[in-house]
Amino acid sequence: MLYNEMTKAELLKLREELMSAYEEKKGLGLNLSMARGKPSKEQLELSMPMLDVINKDTQFVGEDKLDIRNYGVLPGIMEARKFFADILEVKPENIVLYGNASLTLMYDTIARAYVKGILGSTPWCKLPKVKFLCPVPGYDRHFAISEFFGMEMINVPMNEDGPDMDMVEKLVSEDSAIKGIWCVPKYSNPSGYVYSDEVVKRFASLKPAAKDFRIYWDNAYIIHHLYPNEPTKILNIVEECAKAGNPDMVYEFCSTSKVTFPGAGISAMASSEANIKSTIAMMGSQIISHDKMNQLRHILFFPTMEDLEAHMAKHADIMRPKFETVITMLNDELGGLGIAEWTEPRGGYFIGFDAMEGCAKKIVSMCADAGVVMTDAGATYPYGNDPKDSNIRIAPSFPTIDELIEACKIFIICVKVASIDKILENK
């Protein structure tokens, strides 16, 4: 029955029952987390054999003909560039490797634009204002980078097939202060949405007023399928930009952080020849070379794409039951009540949840009091400000199935209580 069709007496009685169950859950002294997209211990164990692939007998001279143990090869060893080229479906010369995290690469790419500009354009630090488009709900760490550099962030609504492209096209064509847009195009954070072919093509065909406008295409979950036998496809943005006559307009990012070890992976950027050449030239003032031993370790662990796919299928076997558990519980307990909506992703690390307007902060706070940590309400919007106070990011990856069930029971109770309070407030 829809909650908003219940009488005040019925709602109050139901609330009393729910609060009794809530207090009982609080008394368990739980400490569970659905806050961040952290791989579970079981997932980390999958990559432990990688620690044994390098030893004293390893051949340390590769295609670059230089000793991998020594300085040099700033763009990354050729074998690893080819590895990421295969993942991102570009040429190796369109790849530059970085350190352990793509977030660092994104931050530094923005920092270089501020200090040196992009391909001869005015450095952003010399401009009166820099604006960035932010599809929402979106990734909080993207917004944190923009906020750190003092950008003005502009919300762009997300649809199931990607950002509102009518809005994106209008804004970038009219305002030269808009220098970029953050995108998580596949299994997006937090909704799990995938950009359609039409959206990708419209991105590639943008006509920005700023010649140094760039699409910051964070393809973090490109190979993170929950159903690897039915992988979701997405158009190649680097290729589409080249076709549209805008080869320099995109930076595409990727890493192995959730493929092997978080914080100990390899990150990569794919872009045009001009963008890559410029990036490598500026990197030379920062570092002589990144961790080539780690690059080699990954290449030896994944000698072929088939090996990588088999590894990711093992991740999927661990992750899929967790996502299905959460979605089943939400459908069974909240379906048909008219108080919430949620996504059912086919990959990535998150489920997007929309509560009734004005309820998200209360739900997250109640969960915390009962021992279930969620991502802060509002985190999926710039400045932590969700104008509707409704969006919550659910991260099912880290807890065990049993822990996840307990966490979801508490979350569902909190959603129901907060919704009843909101309806009673409006009656």
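Mind checking which residues of the stretch 86-96 are crowded, with 17+ Cβ neighbours inside 10 Å and either free of Cβ contacts under 8 Å to residues at least 24 places away in the same chain or more than 20 Å from the chain's Cα centre (by Cα) (or both)?
Hits for the stretch 86-96 are V90, P92, N94, I95, V96.
Contact list please: Cβ distance under 7 Å, first residue in the stretch 332-343 and more than 21 Å from P190 (Cα to Cα), second residue open to solvent by 20 Å² or more (accessible area, probe 1.4 Å), pairs at least six apart or on different chains.
Close Cβ pairs satisfying both conditions: L337/L2; G338/L2; G338/N4.
Yes/no matrix, rows are residues, columns are (1) free of Cβ contacts under 8 Å to residues at least 40 places away in the same chain; (2) open to solvent by 30 Å² or more (accessible area, probe 1.4 Å):
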| residue | (1), (2) |
| --- | --- |
| F84 | no, no |
| Y98 | no, no |
| T109 | no, no |
| V130 | no, no |
| R141 | yes, yes |
| F149 | yes, yes |
| V156 | yes, no |
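Is it fair to say G263 is out of contact with any Pro (no Cβ under 6 Å at 6 or more places or on another chain), outside any helix (DSSP H, G or I) and at pLDDT below 95?
It is true that G263 is out of contact with any Pro (no Cβ under 6 Å at 6 or more places or on another chain), outside any helix (DSSP H, G or I) and at pLDDT below 95.
Listed here are the residues, each with its yes/no results for (1) within 24 Å of the chain's Cα centre (by Cα); (2) open to solvent by less than 20 Å² (accessible area, probe 1.4 Å); (3) not aliphatic (A, V, I, L, M).
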| site | (1), (2), (3) |
| --- | --- |
| T325 | yes, no, yes |
| L330 | yes, yes, no |
| E333 | no, no, yes |
| F353 | yes, yes, yes |
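Exactly one of these conditions fails for Q286: (1) in a loop (DSSP other than H, G, I, E, B); (2) under 23 Å from the mean Cα position of the chain (by Cα). Give me its number.
(2)
Hey, could you check the stretch 105-120 for residues that are part of a helix (DSSP H, G or I) and β-branched (V, I, T) and say which is nearest to H142 (Cα to Cα)?
This residue is I110.
Just to check your reading of the model, which residue among K201, K211, K170 is more than 22 Å from V130 (Cα to Cα), of a type in the set (D, E, K, R) and either free of Cβ contacts under 8 Å to residues at least 60 places away in the same chain or open to solvent by 10 Å² or more (accessible area, probe 1.4 Å) (or both)?
Answer to the selection: K201.
The values are calculated or read from the model by the stated rules, or taken from the named source; none is laboratory data. Please read these numbers as outputs of a predicted model, since none were measured by experiment. No Cβ is skipped: glycine too gets one built from the backbone with ideal geometry, and neighbour counts run over all protein chains shown. Note: areas computed on protein heavy atoms with side chains; ligands, DNA, RNA excluded. Shrake-Rupley method; radii C 1.70, N 1.55, O 1.52, S 1.80 Å.
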